Structures are given as C-alpha cells and as structure tokens.
1. Can you say whether Asp63 is part of a loop (DSSP other than H, G, I, E, B), of a type outside the set (Lys, Arg), touching a helix residue (DSSP H, G or I) at 6+ places or on another chain (Cβ under 9 Å) and closer than 18 Å to Thr147 by Cα, as far as the supplied structure shows?
2. Would it be correct to say that Ser286 is farther than 17 Å from Glu347 by Cα and hydroxyl-bearing (Ser, Thr, Tyr)?
3. Mind checking which residues of the stretch 96-126 are farther than 30 Å from Ala212 by Cα, in contact with a strand residue (DSSP E or B) (Cβ under 7 Å, 6 or more places away or on another chain) and not aromatic (Phe, Trp, Tyr)?
4. Those residues that are among the basic types (Lys, Arg) and either within 20 Å of the chain's Cα centre (by Cα) or in a strand (DSSP E or B) (or both), I need them from the stretch 46-60; list them, please.
5. Taking the stretch 258-284 only, how many residues are within 42 Å of the chain's Cα centre (by Cα), within 25 Å of Ile323 (Cα to Cα) and either of a type in the set (Val, Ile, Thr) or assigned to a strand (DSSP E or B) (or both)?
6. Return the residues of the stretch 222-237 that are under 12 Å from Ala177 (Cα atoms) and not acidic (Asp, Glu); say none if nothing qualifies.
7. Out of curiosity, is Gly330 in contact with a strand residue (DSSP E or B) (Cβ under 8 Å, 6 or more places away or on another chain), closer than 30 Å to Gln182 by Cβ and in contact (Cβ under 8 Å) with a residue 12 or more places away in the chain?
8. Filter the stretch 111-140 for residues that are within 27 Å of the chain's Cα centre (by Cα), of a type outside the set (Ser, Thr, Tyr) and outside any strand (DSSP E or B); which is farthest from Thr40 (Cα to Cα)?
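The values are calculated or read from the model by the stated rules, or taken from the named source; none is laboratory data. These numbers were taken from a predicted model, which means no experiment stands behind them. Cβ coordinates were reconstructed from backbone atoms using ideal geometry, including for glycine residues, and neighbour counts include every protein chain displayed.
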Amino acid sequence: MSAGRRRAALAAALALVALGACGRRSPPVPPETRIPQAVTDLTAVAREGGVELAWTVARRRIDNSRVLEPGFARLYRVDDAGTGEPRAAMLRDGRVVGYTEIATFPLQDPPSSYLRGGRIVYLDRRGLVYGRRYTYVATTTDAQGRTGPPSARVSITYITPPEAPQALRAEPGDRTARLQWQAPAKLVDGSAIQEPLAYEVLRAADPVTEPATIGRTAPGITAFDDRGLENDRTYYYAVRAIRSAGTASASGEAGARVAVTPAKTTPPAPVADVTAVASRGEVRLSWRPSPEPDVALYIVYRASRGAPPARVGAVRPPVTTFIDRNVPPGAHRYTVTAQDASARANESAPSNAVTVTVP
C-alpha cells in the first residue's frame, strides 16, 4: 500500500472512531411542530357599545407539548358589507394577511388584565358601524416569537342593540326566584323595536361579582323562574335584551340588579294525637310529632273561658311533652303547632284540640 493510501485509510478510521465517541444525533425537530396550536373556541357577541370577543389561550404546541413560555395573544379584524365569504385568514411572517391587528395581550410578566383563568374576554369598540360585517381571528405567539395558525374565523353583523329592560321585579318562593320585567321601549339609537326580543337572565352571589348568564327566554317572554335555589340565601339578578335580525343578533346592556332571598313558605304538617292529663295547678301534655324533618319548635296554646288561644310554652324536638304549670282551676282547651327552622318560621295548623278541667 502506498503512503498516500495509508494516510487516507488512517483518516477514515479516525473519523469512524470520532463518530462512535460522539454517539448518534437525533433527527432535528421540524420547526412547524414547535408553534402553538390554533385557538379553537373564539366567540363574538354584539353588545351595546361593542363586540365582545372571548377565547381560551392556546397552551400547547402542534406536537402537543406544553408552551412553557407564552408570549402574546393577538386579535385581528376585517370588515365588509356582508356579502359572500369573509376574507380568508392566512398567516405570513407572524401576521394575518389582510386583517388589522386590533389588540395584543401579553401572557406573562405581567399578563394582560383581560386574561382571566386562561381566557381572554375583550370588548372591541374601535370604529364599529351598524350594518357592517366584522370577521375576527386570534393567534398565539410564544416567547421565542413562534406564532401558531389563526383560529377559525368568527363573523358577526353589528346591528343596533336594544336598550336595557326596565322595572325588574323579583319575588321569593320556596327554593325559587320569580322574575318579571318590562320590555325596552326602543333601540339604543332611538329607533323603534320592530321584532319581539328575547332576554338573558343573569345571576350573581353578591352585589359586586360579575353576574353569569343562567337562562334565556323565548322572544316576547318577560318572565323567568329560577328554581333549585338555596332557601334563606340572597341572590342578585339582572336581565338584558337580545335582538335578532336575520342571522345577526345583538345584546343590550343589563338593567339594574335586584336582590331576592328564596324562603320556604309551606308550613310543616301538624302534630297529632294530643293528650292532656290535669292535676292540681298543672296540665301534662304529650303528642305525636310532625313528620317534617325541619321542625325547630313545638308551640303549646291554651284557651280558657272562651278567650282566644294564648301561647303558654314551647319545646324543641325530639321532645314531645310539655307541663303547663300554675294553671288556674277550671276548664282549659289545648292545641299544639309545629314551627319550621326557616327564616320565615312557618307554623303549622293547630293539632287536634283537647279539653281538661283543672281542680
């Protein structure tokens, strides 16, 4: 073997040794799998004063790994006359081509005030014109500047919303709040309302918490019963009107809140089988208890010499006996009622009456 060939063979052998020492390299991760996933739940609702957009920020990448360092969420918009398909949303150099970026939301250090619990809720007020169609898309960008694909487009025709409903009233029932209100007289631009309105009912647990929608009425219905509530707890309600015109709809502002405290109104079942035994200066009574589980008190009444019954004492369950002391001689008529533990302290009808004569 010539000297040149020997040197070439030696170099090749050294290269193989070096490759074995370093180990095999993993295949590179395709850059497109490292971008955030697309937003999947973008919604748009026309409100008085703007269009409310809401969505959940993407927290995973295309390869389903977590986005450990989120960067920004962005919202884009385009408008048109509402004919034909809305403009396609194509990403180029991290931006949506042909759309206007209307808001950017930092996701950390510090996060945007619009970000709450992983969701962004934003009211678009910028230059909206009644009758125009607005199409929105949202994107997510990580801290390394990699932007995921645009969300699916959401389009909404911005129509004039109604004014707030008036004269909301709430009546308490047993685990129920019964609401009634008056329909608004006109739209917010002063024009007349031409079609029946539907209504969203909102409820909060206190006067300051943002109320959540709990139900919606059919068009023209201005009453709502909220059932399955907790008695003796106060709830706060508001109502807003929903206008629909073709495929477009718009929500007005909610009216003033009202408070209502559901309460039990049905009295307990009465006690039964009252018996009485008289002796000098006292009467011993006993009875069969009311079957209701929430009885808090048994109340004993005595009527003497034609006078109306007067309360002479009470005992708490499970006691079902009572001694009426210092009773004057003569005939006396006794009844017993059951009173529940509700805030209203509902009292049952009287038991059977029993008359005794004290010597």
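1. Considered against the rule, which asks whether it is part of a loop (DSSP other than H, G, I, E, B), of a type outside the set (Lys, Arg), touching a helix residue (DSSP H, G or I) at 6+ places or on another chain (Cβ under 9 Å) and closer than 18 Å to Thr147 by Cα, Asp63 comes out as yes.
2. yes
3. Val96, Gly98, Thr100
4. Those that are among the basic types (Lys, Arg) and either within 20 Å of the chain's Cα centre (by Cα) or in a strand (DSSP E or B) (or both): Arg47, Arg60.
5. 1
6. Selection gives Ala223, Phe224, Arg227, Gly228, Leu229, Asn231, Arg233, Thr234, Tyr235, Tyr236, Tyr237.
7. Here the answer is no, as Gly330 does not meet what is asked.
8. Arg125
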